[in-house]
Structure formats: C-alpha cells, structure tokens
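To start, the structure under review is shown below, and the notes come after it.
The numbers here are math on the coordinates, done by the rules we state, and not lab data. Nothing here was measured: the structure is a model prediction, and the numbers come from that model. Positions of Cβ are generated from backbone atoms using ideal geometry, with glycine treated the same way; all protein chains shown enter the neighbour counts.
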Amino acid sequence: MTIQTLEPILREQPFFYGLEGRHLELITGCAKNVHFEAGQVIFREGDPADQFYLVREGLVSVQFVIPHRGLTTVQTVGEGEILGWSWLFPPYRWHFDARAQQPTRALAFDAECLRKKCEEDHDLGYEVFRRFMFVMVERLESTRLQLLDMYGNNA
Amino acid sequence: MGSLRAVSPEALQVRNSVVIERECFAQLLQALADHGYEVIGPTVREGAIVYERLTSTQDLPLGWSDEQTGGKYRLKRRDDDALFGYVVGPHSWKKFLHPPLQQLWQAERNGKGTRVLPEEAQARPKYAFLGVRACELHAIAIQDKVLLEGQFIDPGYKSRRENLFLVAVNCGQAGGNCFCASMDTGPKVTSGYDLALTELLQGDRHSFLVDVGTKRGAEVLSATPHREAADADKQQAKRLLEETTRHMGRRLDTCGIKELLYRNYEHPQWDKVTERCLSCANCTMVCPTCFCTTVEDVTDLTGEHAERRRRWDSCFTVDFSYIHGGSVRATPRSRYRQWMTHKLATWIDQFGVSGCVGCGRCISWCPVGIDITVEAAAIRSSDSVKPTTEAEQGFA
Amino acid sequence: MLEQPEVVTAGLVPDPMLPTPYRIQRVKQETDDTFTLELLPEDSSHKFSFEPGQFNMVYIFGVGEVPISISSDPNDAPLLKHTTRVVGTVTKAMRQLKRGDTIGIRGPFGTHWPVEDAGGHDVVIAAGGIGLAPLRPALYRLMAEREKYRKIVLLYGTRTPEDMLYRHEVEQWRGKFDLEIQVTVDRAASAWRGNVGVVTTMIPRAPFDPSNTLAMICGPEVMMRFTVMELLKRGVTAERIYLSGERNMKCGIGFCGHCQFGPTFVCKDGPVFSYVRIASILGKSEV
C-alpha cells in the first residue's frame, strides 16, 4: 500500500514556510493526521504533553477548570495555528484542557520524536524553536490585551 | 501747535491723527457716554489695576505705575500724573466679552410640557473699552477666531463684540514681564481699534495723540476739542514706542516653536516645572486668550425649572479631561505641558496664530513665578532631539 | 415624573447650545450595563439628518449632558437611537427614563465615517465592545448600497458573549447580506462555541485584500491602536484606516476646549479621524 506522504500538506502550512527540504522531511517523519469531533477532548490539564498540533481546519478551545466558574475558555486556536508548547520543556505536561469546538482536522507531531531530531540536528532545532518563539510572542501579546480587560467598566 | 478748534464731524476721517489736551479728556469719556456706551477701563482696586466700569476720568489710575516680575505685582507711584502709565493687570477684557459666568438658557417643565427659553436679549451690553493695549487687541482678535470664525458662532459673544467701541492705548513703558515684541503683537497698536491714544508727557505739557481707526471713532471724537497732530507730536509718539520696544522685560524665541514643542513631549523640563507648578489655574484665569469653559446644568428644588450656565474652566483641573473612570491628564506634569504646548504650539495648528500675545500676566500672577519664556528657552537649549521620524516632526 | 402631553419650544435664536426636545419611544436593555434609547422629535416637522459616525449631545432635564454617538440607520432619521453604558450621573439618570419621557438633543456634530470613499474597495469594520454602536450606521449605509463595495468584513470583539450588542441583528446580517462576520470574546464559559481571544487576532486571517481595503475601527483606545498595528502589518495602507476617538466634552461645538487631543478637537476634527492625522499622538501618554 502506498502511503501518501504528509510532506505536501506540511509544505502548504504558513507555519512551515521557508524550511529547507531536508528539515521538512525530518519534521514530516514525526507527523500524522488526526481528527476530532465537535466537543471532543483533545487533552486535559496534567496529561503528558507527548504531541503538539497544527490545526488544519476547525476550532479548538484552550480551557481551564475553575471550580465555581466551570470550564472557562481563555483562547481559541484556529486554522493554521499551533496548539501546545508544553512539549518543549520538562516536565512535558499539559497546563490546560483543549477541546475541539467544531469538527477539527489537525496534524499531530510526536514530541519525543521531534525533540530527539532537534537535539541531533541543531539547525533543525533552531528552525523549530524560532517558529515556536514567534507563536509564543504573538500569544503573549494578545494575552496581555486580554488581561487589560479593556471592555470593562472603566475601559 | 495750532489753536484749538472744534472740527466739524465730516472733516474727521479714518487715519486722521489729532491731539487732545489732558483737560479735555473728560469730554472724550462724556462723548462715549452720550453715544450710549458703558465705559470700562482701568482703575485701582485692592492693590492692582483692574478693569471696571468707569464714571469719570478720576476713576483712572492717575499717576500710578506697576512693577512686575515672576510671581510679583506691585503698584508704585509715578512722579507724574499719567493716565496710562502702567501695563496690564490681572484682568483682561475677556472678563466682559467672554464673561466668567453666563446663563445660556432656562428650561421649564410643568404639566403642559417642556420649554427651553434662550438667554433673554435683556443685557445686550454696549461697552466702550478704554485703554486697550496692543497685546490685548490681538488677544481679542484671537478669541474672535475661536468664538466667531469657526463652524459655530457664540451668539452672546457676537453681540457683545459687535456693539464694542475700542479705545486703544499705545504703551509708554514696557512691563517687567512683557514680551509683546517677541510675539509680534505690540507695543504699537496697528489695527482693530476705533481710536488709538498715545499719552504724551513733556515737562508740564500733557496731551494725547489720537489716531482715528473707524468712522464710528471719528464720530465720537469729533465732539472733543482737538487739533491736528503736528509732526513733533507724531515724532514724540514714535520715539516713545521705540523706547518701549527696547525695554521689553522678557523675550521669547518663536522660531520653529511649534515643531520644537511637538518633538519634546518627553523633555525633562516638564518634570522640573512640575516640581513648582501648583495646578492653581491662575495663569489660565489671567490669560487674555484662554477660552476654556464648562457647562453647569442646575435645577431648582421642585425639579421643574432648569438652567444651563457656562463658566470659565481651566485645563489645570484634574476633571478637565475626565472620561469614564479617570482623567486622561492625571498628572500635573501633563497638565502644565498641555497648557504650554497648546498656548505656543497646537494653537497655531488650530487657529493659524500663536495663542500667546506676550502680555506676561501668567508670569506675574503665578504664585511660584513660573515664566513661560524661561520654560520655552530651557526646552530649546537642550533640544537635542532632532526630528528623525515624520511623527516627531509634528502634524501634517 | 410629571405628565408631559405636549411641548412648546420657545426660541428663535439659532443657538447651537439650545437642545431640541425629543420623546423616548422605547428603552431597550442591551446588556447588563448598556441600553439603547429610541427617540423621535417632539415637533414632528423637525428636520434631522446625520452621517454615520456623528454624535449628539444628549441632555437630561436638570441633570446634565453627555456626548453619545448616533447608532440608528441614517435612512430612518429623524428617528434616533443612542446606545450607551451607565457610567455616571447623567447616564444613570437616563437609564431611569421611560417611554414618553422627554430628553434634549443637540447635534449632529463631528466628522463621519468615509463610507463614500470605500466604493470599489474591501471594507473592514473592526468593533470592540460598545464600539459597535457608532459603527452600526456605517454598516446600514454599506448594506443599503451593497453593490458599491467588494468584500465587507465585520470583526467584533467583546469581553464575554453576554456583552455583545445587537446579537439578534448581527445574526440577521449574517444571514441576509453578503457580509463576512467574525466574532470573538475575551473569555467565555464553555457554552460558547466561537472564537476566544482579542479581536486583533482575527485580522491576520480575515478574508480581505489589504492592498485594496478601507478600514473603520471603533472601540477602547488600546484596542484601536493594536488593531491598526495588525492592519498595517498585513499591508493595509495607513491612509485608508479610520478610527473614532473620544474625549471629555462639555459643548460639542469647539468652544469649551475640553475635548482637545493634541491639536485636534475631537468634537469637530473628530470623532472620526484618519489614522495618519493622529498617528503621532495616538498612544502618547497623557496627551
């Protein structure tokens, strides 16, 4: 059976733009297609962060369980966006819940697989970390705006 | 000197120059009253020369002068009996043209409905301002720009302004805080007056050179005994003004001042001046061009009668810039910066002229003697920020 | 309060400080702190027209006056709608009013959204919180002449789903008109199935062509600044970005000096500003 490689799919994701062919190949080796139903739990707080995801289609909520408030969504991750960076640093555990809001297709990347390849090939490591850095900076900036609670009563 | 003769009204023209003797000054005041004007002019009160209603020449500050410097104003006696031997005091003509408290309208609500009644045309005053200095003429023209030449017109200001008779006075001395020469607003009166006087004192001769500015001015003047001005009179007046120009108490370099202030919003001088500024708002009250007001809506106890009043306000108050829950200019630093930047810079973009006429009142009446000319010079001297981006260069 | 069956307005002086009486037709609670008044002039022959983005000074008898953007359809004038939050004495008193009560209106004042300049362009409308209210008249105008514009995208962010304005109407627009509507909230309970995150995060992927877009933004100042940043990052021309500003106002007509924002008066040079005009003062502390 011919397995269609995922490489062309990765190549068309803006997140991977500019990657050298061999780097893309290495990353693809850790990737697989996944699919979630609307409402399906992708992972829970405390679970081992053994993968991260690139959403191809759909919407995922990042949520916290707050006893008296119930599940509170602080962010949603959509098409083309990355879900999860807890896989980068020990203890490699998720710090929040993730739930699909809509039927969602994503690429899932094996964390250990990619960490190992980054260790072996620091050039690859640089490319991966650089892209994650960018994602985190953007998330941090928009989280700060959320923190400002700018629509509040004294906005 | 020609002999005194009353010249027929038709003979007096705009741009004529005549001389009236000191003894006849009262007749000028009388002529103003005869024409239905309420004469407002300088008088001594509470240790200062202020603007009030005058009933006779004796009300004027005969033989008085003033000594002004940073945070200081004192009257002192002259060794002559000049009528206008001083500069400007805490009042400016905006006290009458743009009054500190005005009723805008009243409204009534009863069983039949709500009625809004505009300010009655009762007190449509007819003022004659006696003793308007060159800087003050400019200040009035500047307030005209704000209240008459924008998209909306202030009807109260318009009627007070239309009925106004202006007797200007060329300054025979420069005050300790004066810098009209820097602002190009004096000391010579150039336009915007009905009559312009220059007081001439020489030995025991005491007279006034009078320039006729308008037909209305000619008409009022015609009843006062006068003679044609001789060259000697005109020369004396010219020399006086040159002396005055040479003795300005202060100077302000206006070259590129707008851009200078626009690129120095974060200059350390603002912190320095804040150490002294009390946000007391004196400067805005005495400044002849400051026009900011607020609106008060009040009601009586029954709740059936409401009034709207307009009252002077100052950008130095914390509330001035309040919007939902806080003030935009919460610190005194930002408020001083706002006032000075507005006066010398943004005013130019808003109205095409500087907001400052160099009268020096803000310097005299600041309790801690903050001097706008010193502040501007301080910023200029350490303006090491050269414009690098379009943003810093100022506004389009 | 007292019965007010009829109103007489005395005053022939064209004084811009004199309010015109309007009668409340309807009071609608929009969210827990926001409400809309629907008004018609007492004098049915009174002519009133306005452009999207303009505001009125709204007077409550004996209490005071506040500037509020007009949020009704310009085609429905002289019917007026004003949506406001309860933030102070005047708005609190306004909230107590009922159908049939009278309030005073002075206006319309200020500059307007440049809808007429958007012909042939994609239009991005970015609204934050109550900022949708001053933009709604622009949306009505755009929808009324839909064929003049290419893509129209509405990006709307609020604090929570419960704080959304005009929910029902927004859903109607989604269905009826060729509009792309994306909504997001700062945080939500799990029942919310939509986007969560600040409105600026929707800009990178919204379906418009930055090289041919006119943008109109209204919301808290910090939201507008960052929205401008995202639009510029995406390649929208600075000259085609417009914002609606707000400052303390006591007169609305350029006399009282309170609304100054740098060299501009928000009441007459705004409230709608082109971004380039205020770029150098936007975000400057305490200006």
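For chain C, what is the relative contact order in percent, using Cα pairs closer than 8 Å and at least 6 residues apart in sequence? Don't skip to the end; give the middle numbers.
Working: 582 pairs, mean separation 48.7, N = 287.
It comes to 17 percent, rounded to a whole number.
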- Message: If you fit an axis through the alpha-carbon atoms of helix B:372-381 and take the longest principal axis of the Cα set of chain B, what angle between them do you get, 0 to 90°, nearest 10?
- Response: 60 degrees
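Of the listed pairs B:LYS94/B:LYS126; B:LYS145/C:LYS47; B:LYS95/B:LYS145; C:LYS28/C:LYS92, which have alpha-carbon separations greater than 20 Å here?
Numbers: B:LYS94/B:LYS126 15 Å; B:LYS145/C:LYS47 30 Å; B:LYS95/B:LYS145 17 Å; C:LYS28/C:LYS92 14 Å.
Over 20 Å Cα-Cα: B:LYS145/C:LYS47.
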- In whole Hz, the Karplus estimates of ³J(HN,Hα) for the stretch C:232-238 (6.51, -1.76, 1.60; θ = phi - 60°; x where Gly or Pro) are 5, 4, 7, x, 6, 5, 4
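Can you give the helix-only mean residue ellipticity at 222 nm for chain C, where every DSSP H stretch with n ≥ 4 adds -39500 (n - 2.57) and the sum goes over all residues, rounded to the nearest 500 deg cm²/dmol? Walk me through the intermediate numbers first.
Working: 5 runs with 48 residues, N = 287.
Mean residue ellipticity at 222 nm (helix-derived): -5000 deg cm²/dmol.
So, by mean Cβ neighbours within 10 angstrom, what's the order for B:240-246, B:206-212 with the highest one leading?
Output ranking for B:240-246, B:206-212: B:206-212, B:240-246.
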- Task: Kindly state, as a whole number, the per residue volume in cubic angstrom of the convex hull around the alpha carbon atoms of the stretch B:257-393.
- Result: 147 Å³
- Message: Let me check I have the definition right: for chain C, take the eigenvalues of the Cα gyration tensor, multiply each by 5, take square roots. What are those semi-axes in whole Å, largest first?
- Response: 32, 21, 18
- For the protein assembly as shown, what is the percent of antiparallel DSSP beta bridges, rounded to the nearest 5? 75 percent
- Query: Going toward the positive end of the dipole of the protein assembly as shown, with +1 on Lys and Arg Cβ and -1 on Asp and Glu Cβ, which of A:ALA49, C:GLN54, C:MET216 do you reach last?
  - Reply: C:GLN54
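Taking a 21 Å limit on the Cα-Cα distance, which of the listed pairs B:LYS258/C:LYS233; B:LYS76/B:LYS238; B:LYS343/C:LYS284 fall beyond it?
Values: B:LYS258/C:LYS233 31 Å; B:LYS76/B:LYS238 26 Å; B:LYS343/C:LYS284 19 Å.
Long pairs (Cα-Cα over 21 Å): B:LYS258/C:LYS233; B:LYS76/B:LYS238.
For a distance above 15 Å, tell me the whole-number percent of Cα pairs in the stretch B:290-341 that qualify. Intermediate values should be presented prior to the final figure.
On the way: 761 of 1326 pairs.
When every Cα pair of the stretch B:290-341 is considered, 57 percent fall beyond 15 Å.
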- In chain A, taking the dipole from +1 charges on Lys and Arg beta carbons and -1 charges on Asp and Glu beta carbons about the Cα centre, the listed residue (A:CYS118, A:GLY39, A:THR5) farthest towards the positive end is A:GLY39
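For B:LEU197, what is the net charge nearby, where nearby means another residue's Cβ is under 13 Å from its Cβ and Lys, Arg count +1, Asp, Glu -1? Please report the intermediate quantities before stating the final value.
Numbers: positive: B:ARG22, B:ARG133, B:LYS188; negative: B:GLU21, B:ASP194, B:GLU199, B:ASP211, B:ASP233.
Taking every other residue near B:LEU197 into account, the sum is -2.
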- Hydrodynamic radius by Kirkwood for the protein assembly as shown, inverse mean 1/r across distinct Cα pairs, in Å, is 31.3 Å
- Note on the structure: Restricted to the stretch B:11-246, the DSSP antiparallel beta bridge percent, nearest 5, is 75 percent
- Label point 7 Å beyond Cα of A:ARG131 along Cβ direction - residues of the stretch A:93-112 with amide nitrogen under 20 Å: A:105-112
- Message: What FRET efficiency comes out for A:HIS68 versus C:ASP33 if R0 is 30 angstrom and r is the Cβ-Cβ distance? Round to the nearest 0.05.
- Response: 0.85
- Based on a Kirkwood Rh over C-alpha pairs, give the Stokes-Einstein translational diffusion coefficient of the stretch C:115-278 at 25 °C and viscosity 0.890 mPa s in µm²/s. 150 µm²/s
- Message: Please list 3J(HN,Hα) in residue order for the stretch C:121-126, calculated via the Karplus relation 6.51 cos²θ - 1.76 cosθ + 1.60 where θ = phi - 60°; whole Hz, with x for glycine and proline.
- Response: 10, 6, 10, 10, 10, 10
- For the stretch B:222-322, build the charge dipole from Cβ charges (+1 Lys, Arg; -1 Asp, Glu) around the Cα centre, then report which of B:THR254, B:MET285, B:THR274 sits farthest towards its positive end. B:THR254
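Would you calculate a helix-derived [θ] at 222 nm for chain B, using -39,500 (n - 2.57) for each DSSP H run of n ≥ 4 and dividing by the full residue count, to the nearest 500?
Values: 15 runs with 115 residues, N = 396.
Rounded to the nearest 500, it is -7500 deg cm²/dmol.
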- Taking chain A on its own, what percent of its Cα-Cα pair distances exceed 25 Å? 33 percent
- So the angle from the long Cα axis of helix C:132-144 to the longest Cα principal axis of chain C, reported in degrees to the nearest 10, equals 80 degrees
